[in-house]
Structure formats: structure tokens, C-alpha cells
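Since every read-out is calculated from the coordinates, none of them should be taken as a lab result. Just so it is clear, the model here is predicted, and its values are computed rather than measured. Ideal geometry is used to build each Cβ from the backbone, glycine not excepted, and the neighbour counts take in all protein chains shown.
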Ligand SMILES: [Zn+2]
């Protein structure tokens, strides 16, 4: 038996109705989930963000103690600004077997399926606990879930396996890449643009650094090859750049953000080291001839660890059994699974929807995918049934 499709849709519509873009509060969504769980006599614990504007939620069905299966999803979504769309992103809209709305795929669809299954988890006497984990700030470097994980085995039970329901089209994912996010700041010297030799052009130096990053990236692509991943090598990408104040001033400052998505087996930190060596050799000596204040500094602003499930992972074995899949896959995007695994909780990624629709304009999840997820959760109930 699975939970009714109409209930999943109703819950998904409510969840999509909360604008939980990462930059905004998710407390209204958390309060809704709390109340919903309470209506099914499931207590939950809020783990607020340091500023109190957001919160994680941790709920346990079926008793207390360590062990049990965690069902984990993030509540936040990427922004919709600048994306063309045919319907309001916070109103769930059905068209041709697809349910459109921001977060429908990534990953409110999974949360709706889990919540709709709570009555099933409650009515059966399960021999193991089921934990519902809802996090914040996943889209901005998986930062929200970290204080929650730090409490595993202390005042929160430590699940024996965690299923992270990111959109995988219900495929079983047992590995993903790592991300390191960097900010490079170039300091030069201002001058009138009619006398550029008196200044140090920070934008020109930054441009040379960006070109060098492309060169480093191309060299890495030639060196590495792991066919589990697509692309089969680590990648480097510059995301933003800003600098300068006016067209007639030699710019003093320029800053750009970039990231490395590396294979789990790659040595982290090589790209910033190579970039620093290039700056030291090719740029800084000339810049410092004009001003001693010239500088190129790279800061590591965030890291999301790679995820590699152990060969004997209980979580992977469980997901393979529940889906009936014969093999696992690896992906190039990151999730909270690496952090869970690092904390000693075997994890697996498996959830409804296609990652191609996540973050995209007109994001949707298909009804078929939600049905597959409901069947997966019904199998979990059967597996855990006494
Ligand atoms: Zn996601």
C-alpha cells in the first residue's frame, strides 16, 4: 500500500507555496511540517540557525534511541530571478503529467512523499525508527545541516543509514564530486585612465588569472579520467567577477568567485596553489614595481566534501533492495550525503525527479516520479515492518 497520490499533491502544493529561496526564512515551512507531524502524533526538534531566521527540523517516528533510517531533504530552493517561466513559481501547476513549481523537483517532491507516508510509518509497527530530516541552506554550500549533524549521537539519534532524496530519477547514487569555492581578490592602484602607467589595473590582472584558471582546468581534464563521472575529470569554473568604478579610472580592485568540482580521489587545493604560483611569477613582480600595496589573495570560502559510499554500505544496499536497481551511479553535483557519510552515517542518494529540471526555469517533477518514490517508501515500510 502506498500513500494516496492526492495527498502527495496537496502536500507538494503547500510546500511549493512557501517561498524558501535560500536567502529567505524557511520558518513558515518548518512550522507547517511541525504541525503536520504533530497532527500524526510525531514530535520534532527544531535546530535554529545562529541568527534564528531559519531552522532544520529533526523528527523521529517509532520511539527513541540510536539507529533507524533517516529520510533527508533540504527545504531551500534556488532563486527564480532572471528565469523565464510560464506559471507562478510558488503555485503548483499541473500540465501533461508534470507538476510545475520552484522546488517541485529539488526537493520538495521528496519531502511531500515522505510526509504523505508518515501515516503509513505510524500504522505499521516498524522494527526500526524512521527519522525525517529537513535542512536549510543546502543550495548555498550545505551549511545549514552541519550543526544538526554535529548533534548526532548527542541529543539527536544517529541513524544507521540515511537516504538523501535529491532528484536522481530514483536511481541509486553512491558517489559524488567535491566542491571547493574560492574568492580571489586583486588589489592594484587607481590612476587617471589617460596615464595608465601610473596605476596597476586590477581588472587586467584578474583577466590574466581567469585565463590561467582555464589553462589549469584544461590540464586537469587531460590528466584525470574516472568514467563513473560525467565529465570524467575535475572541473574549474569562474562564476562571478566585479571590479572598477568608472570608465576613466584605472581600477584598483577586482574580485572573482570560482569553484573546483573535483573527483573524490583528486588532491584538493592544487588549483589555488598553481594560481598563486602563476600570480607570484607572472603578475605580482610588475604590479609591485608600481605600488607595494599590490596584492592577489585567494580565500577558500566553502567546501562540500565528496561523497563515496563504502563498498559494504548499508544505505546503498537498502536503496538497491527498495528500488530493485542492479547497479549504482555517480554524479557531478554535490549534496549533504558527503557530510552525513563523513559523520559516520552510511548514506545514499535516491529521490524523485530529474536533476536536469532542478534549478531550471519551469522546474517540474513528473507524477510518475512521485509515484515511484511513493512505491519506494511503501517498500521501506514493508522492509521495516515487524
Ligand atoms: Zn537539491
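Largest GNM mean-square fluctuation across 186, 260, 164, computed for the chain with C-alpha springs under 10 Å, falls on 186. Using only the C-alpha atoms, the convex hull of region 119-186 corresponds to 164 Å³ per residue.
Against the chain, whose longest principal axis comes from its Cα atoms, helix 314-323 is set at around 60 degrees. In the calculated pair distance distribution of the chain, what percentage of Cα-Cα distances lie above 32 Å? Tail of P(r) above 32 Å: 40 percent of Cα pairs. Among 270, 81, 327, the residue with the largest mean-square fluctuation in a Gaussian network model of the chain, with springs joining Cα atoms closer than 10 Å, is 81. Between helix 27-39 and the chain there is an angle of about 10 degrees, using the helix long axis and the longest principal axis of the Cα atoms. Here the extension length gained between residue 24 and residue 257 equals 81.7 nm, from 0.36 nm per residue of separation less the Cα-Cα distance.
Would you work out if region 1-125 is rounded, prolate or oblate? Take a ≥ b ≥ c from the square roots of the eigenvalues of the alpha-carbon gyration tensor; rounded if a/c is under 1.5, else prolate when a/b is larger than b/c, oblate otherwise. It comes out oblate by the Cα gyration axes. With the simple spin-label model, which puts each label point 7 Å out from Cα in the Cβ direction, the residue 378 to residue 95 separation comes to 3.0 nm. For the options 320, 37, 284, a Gaussian network treatment of the chain with springs between C-alpha atoms closer than 10 Å singles out 284 as fluctuating the most. The three principal axes of the Cα atoms in region 297-342 give end-to-end lengths of 50, 18, 15 Å, sorted in falling order. What angle do you read, to the nearest 10 degrees and between 0 and 90, between the alpha-carbon axis of helix 202-223 and the longest principal axis of the chain? With rounding to tens, the tilt is 60 degrees.
Looking at the square roots a ≥ b ≥ c of the eigenvalues of the Cα gyration tensor of region 1-64, which shape do they give, rounded for a/c under 1.5, prolate if a/b is larger than b/c, or oblate? Cα axes put region 1-64 in the oblate bin.
Modelled spin labels at residue 169 and residue 289, positioned 7 Å past Cα toward Cβ, are 5.7 nm from each other.
For region 74-116, rounded, prolate or oblate, judged on the Cα gyration tensor with a ≥ b ≥ c (square roots of eigenvalues), a/c < 1.5 rounded, else prolate if a/b > b/c? The shape class here is oblate. Roughly speaking, what is the centre-to-centre gap between region 1-65 and region 209-251 when only Cα atoms are used, to the nearest Å? After rounding, the separation between the Cα centres reads 38 Å.
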